[in-house]
Each structure stands twice: as C-alpha cells, then as structure tokens.
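Everything below concerns the one structure shown next.
The values are calculated or read from the model by the stated rules, or taken from the named source; none is laboratory data. Nothing here was measured: the structure is a model prediction, and the numbers come from that model. Quick reminder, even Gly has a Cβ in these numbers, built from the backbone with ideal geometry, and neighbours come from all protein chains shown.
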Amino acid sequence: MTVQAGGVRWHSLTAREALGKLDSNVREGLTPEQARRRLAEHGRNEIPQRPGRSLAYIIAAQLRETLVLLLIAAAVISLALGDRTDAYVIAAIVVLNAALGARQEYKAERAVEALAALSAPTATLRRGGHVVDVPLEEVAPGDIVLLEAGDAVPGDCRLLEAASLTVDESALTGESVPVDKQAQAELPGEAPLAERRTMVYRGTALAAGRGVALAVETGARTELGRIANLLQAVSEERTPLQRRLDRLGRVLVAAALAVVAVVFAIGLAQGEEIHRMFLTAVSLAVAAAPEGLPAVVTIALALGAQRMLA
C-alpha cells in the first residue's frame, strides 16, 4: 500500500506543500464557511456503513444456496416417505451449515461497527483563528487538528508540529508498540503505511506527547474507511468456492431430475404402477443428494482458518 486513500502521497509532502494543496493556514485554520463548503464537496467525516442486517436475515441468506435448497427438499421428501432417520440427519446438516455460515457473516457485520466506534465523538480544531470542539462528522479536509495524549485521531492527518509524539496504531497496523512521529521527517512516496512517521490516521490514538496536524482525508477516503469498505465487500461478494458449489448444486439438481424422469418413464413403459414408480424415483433423488457435502466443506474451511491462526 503506497498511495493513500485519496491518491496523494501526503506523507512524502512537506508540511508547507500539504497546506498549499488544501489551501489551509496553520495559524487560522479553515473559516466556518470554507469548512461548510468542503463538507458539502467531500461529504461528512463518517465511516461508511450499510444498513445493519438482522441475524434472522443472515441465516435466511444461508438457506438460499442451491445445494442447501436441494438438501431441504430431500429432507422433506424423506420425511414424507417415512424415512425419518435420513430426514433428521439431512436437516441437522443443513442447520449446522447455516449456523456456521451465519456466524462468519455476523462477525463481519460487527467488525464494521467496531471500526466506526474507534473514533472519539468530537475533535479539537483551529477554525477562523479560534480553538473549537466540533462533532467528529464535521471535520473537513484542510482543518487544523490539535492533538494531545489520549486523543483519538479524527481523520488521516499530515503532522505540522510534533512534541515527543507517539501513536498507538495497533487498531490499524497491528503494531503493539507505540510509533514515534515526526513532523519534519523526509519520506519516499513508496513508504508503507507503518513507516509513515509524518502521518497520523483515523482509528489510532496518541499514546504520549502532543501535536498539530492537517486533516488531509476524511470519511470513506481514510485508511480506516477503506478497511471498512473491504470488510463489507467480504460479506457481500461470493467466494470462488461458493460460486463453484452453487454451480455444482445446479448441476446436481438437473442431473437428479433427469435421472428421476428417465427411471419414471422406464417404469411406466414396463407397466409398473404410477404410485410405486413415483416413490422409487423420489427415493432415487434423495439418495443422489450429497447430504454431507456442505457440512464437510464448512468444517474443512473452519479447520483451515484455525490452522492459519495457530
């Protein structure tokens, strides 16, 4: 990751260059009118969140897979034919598969909410030459942010002044040790995020010291906003394995229906009773359903994830 969210390598610019790009002034900050215009242009300083989905909706989504629908149909038919053991086993597999899948999606939903909760509700700014506290959502690109130990950073900011400043970036980079920051350091444009000593990012907090910074990216354009978008995409986009399983389910449904039709037609041609051939064909369809496949795949993925974390 070498280019920051808005496409500008803010960490490699000098403080004066960054101020010039955003037409701001370290002593005065933005005027209230400038701040209003920039909020209208760039949007409010909010981490993007889609409307929350209930647990019931997430579980229902797990049951719409083609293969799962095939298993549900097999369970219903088995129960109708009096084969309760098969019906209960298939139903248990469907429930297990839905529960494990829903758990993963529900955790992703909560992760996005947790990201949004990483910031403080207000920020201390220099606006129109006055020090003011404003709601976090009203911080705009070009605002001059005043930071002290314990403060949460309200947006992605280029440091202008730093006094013994260290920042806890564990929520963003995973680094457990506070990172030293310097306003005057010279950095190459290709510097990775963890080495950008001239920058402080939304979602991080000052461990010690104090500083003055220029807000350069807000809302969805911050690094934290990008992570939130990626987390939402994880739960929305189907994995290659899910797509292949869905295709397999459609193939199995088509194959089962074809075999059932052929067996039913052959039986009728040989003079068998319609009722008997119907039961035979249905039993064949149930037998062809891969009852254990969703459970095996889900368990294999869960074990793989545990090994990666070990």
- Query: What residue, among those in the range 176-201 that are polar (S, T, N, Q) and closer than 19 Å to residue 212 by Cβ, is modelled with the lowest pLDDT?
  - Reply: 184
- Output the number of the condition that residue 245 fails; it satisfies all remaining conditions of (1) modelled with pLDDT of 90 or more; (2) buried (at least 16 other Cβ atoms within 10 Å of the Cβ). (1)
- Odd one out for residue 64, checked against (1) without any contact (Cβ under 8 Å) to a residue 24 or more places away in the chain; (2) assigned to a helix (DSSP H, G or I); (3) more than 19 Å from the chain's Cα centre (by Cα): (2)
- Query: Are any residues in the range 184-214 part of a loop (DSSP other than H, G, I, E, B) and either surrounded by 19 or more Cβ atoms within 10 Å (Cβ to Cβ) or under 27 Å from the mean Cα position of the chain (by Cα) (or both), and if so, which ones?
  - Reply: 190, 191, 192, 196, 197, 198, 201, 202, 203, 204
- Query: Identify, please: which residue in the range 143-172 is within 28 Å of the chain's Cα centre (by Cα) and surrounded by fewer than 23 Cβ atoms within 10 Å (Cβ to Cβ) and is, among those, modelled with the lowest pLDDT?
  - Reply: 171
- Item | Members of the range 173-183 found to be surrounded by fewer than 16 Cβ atoms within 10 Å (Cβ to Cβ) and in contact (Cβ under 8 Å) with a residue 60 or more places away in the chain, listed by number | none
